[in-house]
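The values are calculated or read from the model by the stated rules, or taken from the named source; none is laboratory data. Quick caveat, the model's predicted, so the values are computed rather than measured. Heads up, the Cβs are rebuilt from the backbone with ideal geometry, glycines too, and the neighbour counts pull from every protein chain shown.
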Ligand code: B12
Ligand code: SF4
């Protein structure tokens, strides 16, 4: 799934509204050499880089390139991983903006230019006024608290500015893979749950909903860019039923399909019918496990029965269901893993995926395990590879995942054949 970086578009919208000349260099289809050439031609005075767990290596490589190619530029990091590990990033960056940086970072840039500051003279700015700013550089020590925007403030934000993205390339990739063209957006921020494996460094636990007028202005923007589908990336889009139902009423008739993530609990058939009428094509359920004991270990706060019920109800409403499963969870047994495989094969699902958990910085699992084994490679996290000590035999797990995926594909083929007869 390819999505343009929405955080960068969010910051670009705010920066441009403040009158700060801004350019987003989306590296999704780019090369390192191309980026170096583009940055050298543009000569930015501030370079901000987004980073998360899987992007660390590339982030540091780009930071190093910026240091040598543009030695006078101020180098700033932001995003999920710099938010949880600011001290690590300040070894390579002049400053780190943690959390929801869409107010503080743009205002900082505005002040930086207004005062004609340079990296060496950054101390002349009112550094203690920028929420989330972290600096340990050139004798400066700044460690400001992060601030979550209030729901009432969200209405003041401009829409994300998607004008620097190569939409034709994204749409081509999507059309080839799925036949439709989707892009991501966010309507609600935050999640009140506390799943042990989950890290929520940016939006945290406090749920805030954007006004639907702004959400629909953004949907209009996305539609005018040529997309026919939305990928709603909210952690818990289906949490507030009145909000969801109003969204569905306004969405109906727009001729755009959409998909979203949903929890397995709190699902009502009448809401699902509304979702279907409003163009909801697919939901992604984090079912995680077929074992109640493992769900408890994960602090998932749902039951296996909730998951079974939700999958059936969505299916009955005519909405496709994809499910994420976690196998090899620290503390679980081979028997509970088998229960997960069995559940995945018995439910009416359109797509499944299995992952071993990654102890993400900022999650309770990370604290329980004391972080990942430093000798193991984080970039392998998409595969069935343990990056922490585990009693589960990795080869056995890999074989069982492959067998289950094959059995699932065969089951889908049989169903599809029966449907076309
Ligand atoms: C959509 C999404 C995806 C999409 C698209 C990613 C993309 N191109 O944006 C897909 C499905 C591809 C994806 C994949 C993965 N994702 Co993801 N994803 C998300 C999700 C649900 C929303 C991201 C988003 O659009 N947010 C909305 C924007 C507005 O927020 P933002 O990007 O965070 O930007 C804000 C701040 O971070 C900051 N900021 C952003 N950029 C910059 C830059 C600078 C310079 C500054 C100062 C500030 C700043 O300001 C912005 C405005 O407030 C988040 C969860 C979440 N709720 O944030 C997970 C999340 C970011 N993903 C995560 C992970 C782990 C992954 C994967 C590694 C999963 C996997 N096993 O494969 C992959 C890796 C992908 C990769 N590129 O390497 C983790 C990261 C954890 C961490 N501590 O690093 C998160 C937090 C989910 C989680 N709870 O586990 N993901
Ligand atoms: S996994 Fe989903 S429900 Fe659980 S805490 Fe994370 S975002 Fe919330």
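Taking (1) more than 16 Å from ligand 2 (Cβ to nearest atom); (2) assigned to a helix (DSSP H, G or I); (3) touching a residue at least 60 places away in the same chain (Cβ under 8 Å); (4) closer than 27 Å to residue 131 by Cβ in turn, residue 83 satisfies each apart from (1). Of the residues 249, 281, 315, the single one that is in a helix (DSSP H, G or I) and either out of contact with any helix residue (DSSP H, G or I) (no Cβ under 8 Å at 6 or more places or on another chain) or modelled with pLDDT under 95 (or both) is 315. Taking region 357-399 as the range and being modelled with pLDDT of 90 or more, closer than 12 Å to residue 197 by Cβ and either assigned to a loop (DSSP other than H, G, I, E, B) or not assigned by TED's automatic domain parsing to the domain that holds residue 331 (or both) as the test, only 363 passes.
The one condition from (1) crowded, with 21+ Cβ neighbours inside 10 Å; (2) at pLDDT 95 or above that residue 267 does not meet is (2). Taking the criterion of being touching a residue at least 12 places away in the same chain (Cβ under 8 Å) and within 12 Å of ligand 1 (Cβ to nearest atom), would at least one residue in region 36-46 satisfy it? Scanning region 36-46, I find at least one residue that is touching a residue at least 12 places away in the same chain (Cβ under 8 Å) and within 12 Å of ligand 1 (Cβ to nearest atom), so the answer is yes. Would you be able to say whether some residue in region 161-169 is within 11 Å of ligand 1 (Cβ to nearest atom), on the phi < 0 side of the Ramachandran plot, touching a residue at least 12 places away in the same chain (Cβ under 8 Å) and within 20 Å of the chain's Cα centre (by Cα)? Within region 161-169, one or more residues are within 11 Å of ligand 1 (Cβ to nearest atom), on the phi < 0 side of the Ramachandran plot, touching a residue at least 12 places away in the same chain (Cβ under 8 Å) and within 20 Å of the chain's Cα centre (by Cα). Could you go through region 95-106 and let me know if any residue there is farther than 18 Å from residue 203 by Cβ, modelled with pLDDT under 95 and not assigned by TED's automatic domain parsing to the domain that holds residue 188. No; the residues of region 95-106 include none that is farther than 18 Å from residue 203 by Cβ, modelled with pLDDT under 95 and not assigned by TED's automatic domain parsing to the domain that holds residue 188. Considered as a group, the residues in region 88-119 that are within 22 Å of the chain's Cα centre (by Cα) and touching a residue at least 60 places away in the same chain (Cβ under 8 Å) include one that is nearest to residue 17 (Cα to Cα), and that residue is 106. Looking across region 58-80 at every residue that is assigned to a helix (DSSP H, G or I) and within 30 Å of residue 188 (Cα to Cα), the one that is nearest to ligand 2 (Cβ to nearest atom) is identified as 80. Scanning region 239-286 for residues that are in contact with a strand residue (DSSP E or B) (Cβ under 6 Å, 6 or more places away or on another chain) and within 16 Å of ligand 1 (Cβ to nearest atom) yields 258, 259, 260, 261, 262, 282, 283, 284, 285, 286. Using the structure shown, decide if residue 140 is touching a helix residue (DSSP H, G or I) at 6+ places or on another chain (Cβ under 7 Å) and surrounded by fewer than 17 Cβ atoms within 10 Å (Cβ to Cβ). The answer is yes for residue 140. Given the criteria at positive phi and out of contact with any strand residue (DSSP E or B) (no Cβ under 6 Å at 6 or more places or on another chain), does residue 179 qualify? Judged against the criteria, residue 179 is a match. Scanning region 17-54 for residues that are away from ligand 2 (no atom under 16 Å from the Cβ), under 24 Å from residue 80 (Cβ atoms) and part of a helix (DSSP H, G or I) yields 32, 35, 39, 54. Is region 123-140 home to any residue that is within 9 Å of ligand 1 (Cβ to nearest atom), assigned to a loop (DSSP other than H, G, I, E, B), in contact (Cβ under 8 Å) with a residue 12 or more places away in the chain and under 26 Å from residue 36 (Cβ atoms)? So far as region 123-140 goes, no, none of its residues is within 9 Å of ligand 1 (Cβ to nearest atom), assigned to a loop (DSSP other than H, G, I, E, B), in contact (Cβ under 8 Å) with a residue 12 or more places away in the chain and under 26 Å from residue 36 (Cβ atoms).
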